[in-house]
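Colleague: Have a look at this one before I ask anything.
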Amino acid sequence: MTNRYDILIYNVRIASMQLNQSPYGALTSNTLGVTDGHITLLTECQTPDELERLQQMSDNVVDGKGQWLLPGFVDCHTHLVYGGNRAEEFEMRLQGASYVEIAQRGGGIKGTVEKTRRADDRTLLNTAIKRAKRLCEEGVTTIEVKSGYGLDLDTELRMLRVAKSLEQHLPVSIQTTYLGAHALPNEFTDNADGYIDFICNDVLPHIASQKLADAVDVFCETIGFSVSQTERVFACAQHYGVPIKAHVEQLSDSKGAVLAAKYGALSVDHIEYLADSDIPMLAQSGTVAVLLPGAFYYLNEVQKPPVDALRAHNVPMALATDFNPGSSPLASILTAINMGCVLFQLTPDEALRGATVHAASALGLQDRGVIDTGKLADLTLWDIETPAELAYCINGHRPTAVYKEGKHV
Ligand code: NIG
Ligand code: FE
């Protein structure tokens, strides 16, 4: 039978990231077939005869030349739709002002809110395309994008729509997250509870009914929202059946992670100040710990996330760029992977799993992030001797080929 496989890739070494015992989930299989965007064959082809027989089953046969095949990267935490930039604040920080002080003076996230509200859809889209393209060039095939720089209904919806529309311009899947509770907008000054009412009564119902977001997120922090305000948003999200993610314990131990675990959150993100004693709850709720070394680096943070304790409790650790204009202007998943190793002492195996299989789990996606039959054929091919090289170099490689749902892009 011809063309049983839309594409057949042979002569590859496969770092499947499957949760098996071998480093990088390496398989003995060296040949992979794709049908209708999914992996439908994984086999070890040993003889020329076997190979010839398989080659006859596809019109599109690729010699992988012994290169490594990995799942496409999943960047599970970004804020890459925004107006303007914060270069001025960077200079202020170099002169001694802290991220928190700048936020308290009305800069920070609120500065970007002003610029995002003023930006038209075309500008937001064009700048977002440029940013997302840089991730795609490194082999990212799924990106999560948060709102949270509009805060009013209209701009939040615009951000979510612009984010989703990136799929029409780049070979990437977009997962959107509504982050209304990112900062308190000026129209609600001294009325944070009123803003939470607005999120729960006016915005979330709209977003849920129109299915504009795949998840809801809250910045639970001294400069963000309190635990009780965060809980109101979580309860409302739960009411509408929208999965929960959370920025917690980034700057202080506010106990947001415990709350997130109680609500069965998909992920808790940042978590530098997470207490060891709160980790068993995350393990129980199956919540993924998303580590964001870009923000840690950029804010000159010294408190490291409790990696040893997370590891000891088998809490899956994901890595992401946190690409945003204030705390992590980092359009590079490969750099985040390297930083995860250098700054947080992840092993290259943990870091690469963190940007693939565990990142997919942090988004509630079980159909990607690993190479296995039945999974999406989001794949990257690398001219390297070992997958560790991707973590060892600082953004030193580019994939020689990227396949999005089986299509070479
Ligand atoms: O993930 N912590 C809150 N939100 C972003 C920062 C956003 C900003 O500074 O613009 C973060 O670090
Ligand atoms: Fe973030």
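The values are calculated or read from the model by the stated rules, or taken from the named source; none is laboratory data. Since this is a predicted model, take the numbers as computed values, not measurements. Note: ideal-geometry Cβ built from the backbone for every residue, glycine included; neighbour counts use all protein chains shown. Only protein heavy atoms, including side chains, enter the accessible area calculation; ligands, DNA and RNA are left aside. Shrake-Rupley method; radii C 1.70, N 1.55, O 1.52, S 1.80 Å.
Colleague: Mind listing just one residue for me: the one in region 318-338 that is outside any loop (DSSP other than H, G, I, E, B) and in contact with a strand residue (DSSP E or B) (Cβ under 8 Å, 6 or more places away or on another chain) and, of those, surrounded by the most Cβ atoms within 10 Å (Cβ to Cβ)?
Modeller: In the first step, residues of region 318-338 are kept if they are outside any loop (DSSP other than H, G, I, E, B); the result is 318-319, 323-324, 328, 333-338.
Then drop every residue that is not in contact with a strand residue (DSSP E or B) (Cβ under 8 Å, 6 or more places away or on another chain), which leaves 318-319, 323-324, 333, 336-337.
Details: ALA318: 28, LEU319: 36, PHE323: 27, ASN324: 25, ILE333: 29, ALA336: 30, ILE337: 29.
Here the residue is LEU319.
Colleague: Something else about it: Quick one: which helices (runs of 4 or more DSSP H) lie wholly within region 203-317 and hold at least 3 residues that are more than 30 Å from ARG93 (Cα to Cα) and modelled with pLDDT of 95 or more?
Modeller: Qualifying helices (runs of 4 or more DSSP H): 204-209, 227-239, 256-262, 279-285, 307-312.
For every residue, the table says whether it meets (1) touching a Lys or Arg at 6+ places or on another chain (Cβ under 8 Å); (2) surrounded by 15 or more Cβ atoms within 10 Å (Cβ to Cβ).
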| position | (1), (2) |
| --- | --- |
| TYR178 | yes, yes |
| ALA183 | yes, yes |
| GLU187 | no, no |
| LEU204 | no, yes |
| LEU212 | yes, yes |
| VAL218 | no, yes |
| THR222 | no, no |
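Colleague: Considering each residue of region 143-170, count those that are assigned to a loop (DSSP other than H, G, I, E, B) and surrounded by fewer than 18 Cβ atoms within 10 Å (Cβ to Cβ), and give that number.
Modeller: The total comes to 2.
Colleague: Within region 63-79, does at least one residue satisfy the condition of being among the small types (Gly, Ala, Ser), more than 12 Å from ligand 1 (Cβ to nearest atom) and open to solvent by less than 10 Å² (accessible area, probe 1.4 Å)?
Modeller: To start, the set of residues in region 63-79 that are among the small types (Gly, Ala, Ser) comprises 64, 66, 72.
So of that shortlist, the ones also more than 12 Å from ligand 1 (Cβ to nearest atom) come out as 64, 66, 72.
Okay, now just the ones that are also open to solvent by less than 10 Å² (accessible area, probe 1.4 Å), so 64, 72.
The answer is yes; a qualifying residue exists.
Colleague: Here's another thing I want to ask about it. Return the residue satisfying two criteria in turn: it lies in region 42-59 and is open to solvent by 20 Å² or more (accessible area, probe 1.4 Å) and closer than 13 Å to ASN3 by Cβ, and of such residues it is farthest from the chain's Cα centre (by Cα).
Modeller: It comes out as GLN56.
To keep it simple, each residue is scored yes or no on (1) of a type outside the set (S, T, N, Q); (2) in the same structural domain as VAL172 (by TED's automatic domain parsing); (3) more than 28 Å from THR176 (Cα to Cα); (4) touching a residue at least 12 places away in the same chain (Cβ under 8 Å).
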site	(1), (2), (3), (4)
GLY340	yes, yes, no, yes
ASP349	yes, yes, no, yes
ALA355	yes, yes, no, yes
GLY374	yes, no, no, yes
LEU379	yes, no, no, yes
TRP382	yes, no, yes, yes
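Colleague: Somewhere in region 78-87, is a residue assigned by TED's automatic domain parsing to the domain that holds GLU137, of a type in the set (A, V, I, L, M), over 17 Å from ILE14 (Cα atoms) and not in a loop (DSSP other than H, G, I, E, B)?
Modeller: Step one: filter region 78-87 for residues assigned by TED's automatic domain parsing to the domain that holds GLU137, giving 78-87.
Remaining after also requiring of a type in the set (A, V, I, L, M): 80-81, 87.
Cutting the leftovers down to over 17 Å from ILE14 (Cα atoms) gives us 80-81, 87.
Add one more test, that the residue is not in a loop (DSSP other than H, G, I, E, B), and what stays is 87.
The answer is yes, given that some residue of region 78-87 is assigned by TED's automatic domain parsing to the domain that holds GLU137, of a type in the set (A, V, I, L, M), over 17 Å from ILE14 (Cα atoms) and not in a loop (DSSP other than H, G, I, E, B).
Colleague: For TYR195, only one of the following conditions fails: (1) open to solvent by less than 30 Å² (accessible area, probe 1.4 Å); (2) under 26 Å from SER332 (Cβ atoms). What is its number?
Modeller: Condition (2) is where TYR195 drops out.
Colleague: Further question on the same structure: One residue is enough: does region 261-277 have a residue meeting the conditions over 28 Å from THR386 (Cα atoms), among the basic types (Lys, Arg) and surrounded by fewer than 23 Cβ atoms within 10 Å (Cβ to Cβ)?
Modeller: At the first step, the residues of region 261-277 found to be over 28 Å from THR386 (Cα atoms) are 261-277.
Remaining after also requiring among the basic types (Lys, Arg): 262.
Narrowing further to those that are surrounded by fewer than 23 Cβ atoms within 10 Å (Cβ to Cβ): 262.
Checked region 261-277: at least one residue is over 28 Å from THR386 (Cα atoms), among the basic types (Lys, Arg) and surrounded by fewer than 23 Cβ atoms within 10 Å (Cβ to Cβ).
Colleague: Among the residues of region 278-289, is any in contact (Cβ under 8 Å) with a residue 40 or more places away in the chain, away from ligand 1 (no atom under 16 Å from the Cβ) and surrounded by fewer than 22 Cβ atoms within 10 Å (Cβ to Cβ)?
Modeller: Looking for residues that are in contact (Cβ under 8 Å) with a residue 40 or more places away in the chain, away from ligand 1 (no atom under 16 Å from the Cβ) and surrounded by fewer than 22 Cβ atoms within 10 Å (Cβ to Cβ), one finds none in region 278-289, hence no.
Colleague: Here is a further query. Would you pick out the residues in region 223-234 that are without any contact (Cβ under 8 Å) to a residue 60 or more places away in the chain and either within 20 Å of GLN104 (Cβ to Cβ) or touching a helix residue (DSSP H, G or I) at 6+ places or on another chain (Cβ under 8 Å) (or both)?
Modeller: Looking only at region 223-234, we keep the residues that are without any contact (Cβ under 8 Å) to a residue 60 or more places away in the chain, and these are 224-234.
Matches in region 223-234: GLY224, PHE225, SER226, VAL227, GLN229, THR230, GLU231, ARG232, VAL233, PHE234.
Colleague: For region 1-34, what are the residues that are open to solvent by 40 Å² or more (accessible area, probe 1.4 Å), over 24 Å from GLU385 (Cβ atoms) and not aliphatic (A, V, I, L, M)?
Modeller: THR2, ASN3, ARG4, ASP6
Colleague: If you don't mind, another one. Just wondering, is there one or more residues in region 320-329 that are of a type in the set (A, V, I, L, M, F, W, C) and in the same structural domain as GLY294 (by TED's automatic domain parsing)? Don't jump to the end; show me each part of the working.
Modeller: So the first thing to find is which residues in region 320-329 are of a type in the set (A, V, I, L, M, F, W, C), and the list is 320, 323.
Still in the running and in the same structural domain as GLY294 (by TED's automatic domain parsing): 320, 323.
The answer is yes, given that some residue of region 320-329 is of a type in the set (A, V, I, L, M, F, W, C) and in the same structural domain as GLY294 (by TED's automatic domain parsing).
Colleague: Would you check which residues across region 84-120 are within 11 Å of ligand 1 (Cβ to nearest atom), hydrophobic (A, V, I, L, M, F, W, C) and buried (at least 16 other Cβ atoms within 10 Å of the Cβ) and list them?
Modeller: Result: ILE102, ALA103, ILE109, VAL113.
Colleague: Could you tell me whether LYS133 is among the basic types (Lys, Arg) and open to solvent by 10 Å² or more (accessible area, probe 1.4 Å)?
Modeller: yes
Colleague: While we're looking at this one, here's another question. Check region 349-367 and report whether any residue there is open to solvent by 10 Å² or more (accessible area, probe 1.4 Å), in contact with a Leu (Cβ under 6 Å, 6 or more places away or on another chain) and not in a helix (DSSP H, G or I).
Modeller: yes
Colleague: Can you name every residue in region 377-400 that is open to solvent by less than 10 Å² (accessible area, probe 1.4 Å) and aliphatic (A, V, I, L, M)?
Modeller: Once the filter is applied, which keeps residues that are open to solvent by less than 10 Å² (accessible area, probe 1.4 Å) and aliphatic (A, V, I, L, M), region 377-400 yields ALA377, LEU379, LEU381, ILE384, LEU390, ALA391.
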